[in-house]
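In what follows, a structure is listed as structure tokens, so that the remarks can point back to it.
The values are calculated or read from the model by the stated rules, or taken from the named source; none is laboratory data. Just so it is clear, the model here is predicted, and its values are computed rather than measured. Using ideal geometry, Cβ is built from the backbone for each residue, glycine included, and neighbour counts are taken over all protein chains shown. Just so you know, the surface numbers come from the protein's heavy atoms only, side chains and all, with ligands and any DNA or RNA stripped out. Shrake-Rupley method; radii C 1.70, N 1.55, O 1.52, S 1.80 Å.
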Amino acid sequence: RRSNVLTNSVKVVGGFAKFRHKSWVTGAGTVTRVLEDDLEPPCHQRFILSDESGHTILIANNIDGWKRLADVNVGDVIAFKGEFISNPKGGVVHWTHPDNSHRKPDGWLKKLKCTERGSPCEETEGRP
């Protein structure tokens, strides 16, 4: 399967700087740092993404009731959909999982394989 999220390696449509507080966002970026899991319930897998202009966001993926994104490493390209919460460090995207209670839209994470600049990236793992 091919993803239409990226066409230029790590180019992010709109960029992270344009995300608005408490809005649902879809984007992609390059992992610049993998953090330890937040083990205080609800537990979260955490990593930092950067867009092409250097803006960063924290991805906080709930792993209490949902699957973690496996083998996240610095340099990986990750596509996401979730709720953006702004903060002085750039912001957090959370709710990157399905909502079984149907209170919010479903979020997702996908690891992408980008081989050549200008060509589409392929999904390697994740959940829509």
Legend entry - Rg and Dmax [Cα atoms of the stretch 52-109; Å; Rg one decimal, Dmax integer]: 12.2, 36
Legend entry - Accessible surface of the stretch 17-100 [probe 1.4 Å, protein heavy atoms]: carbon and sulfur percent: 50
Inset, instruction - Add +1 for every Lys or Arg and -1 for every Asp or Glu among the other residues with Cβ under 9 Å from the Cβ of T30, and state the total. - result: -3
Inset, instruction - Treat each spin label as a single point 7 Å out from the Cα along the C-beta direction, and report the R20 to D71 distance in nm. - result: 3.9
Legend entry - Label zone at D99, where the point sits 7 Å out along the Cα-to-Cβ direction: the stretch 50-73 residues whose backbone N lies under 16 Å: 62
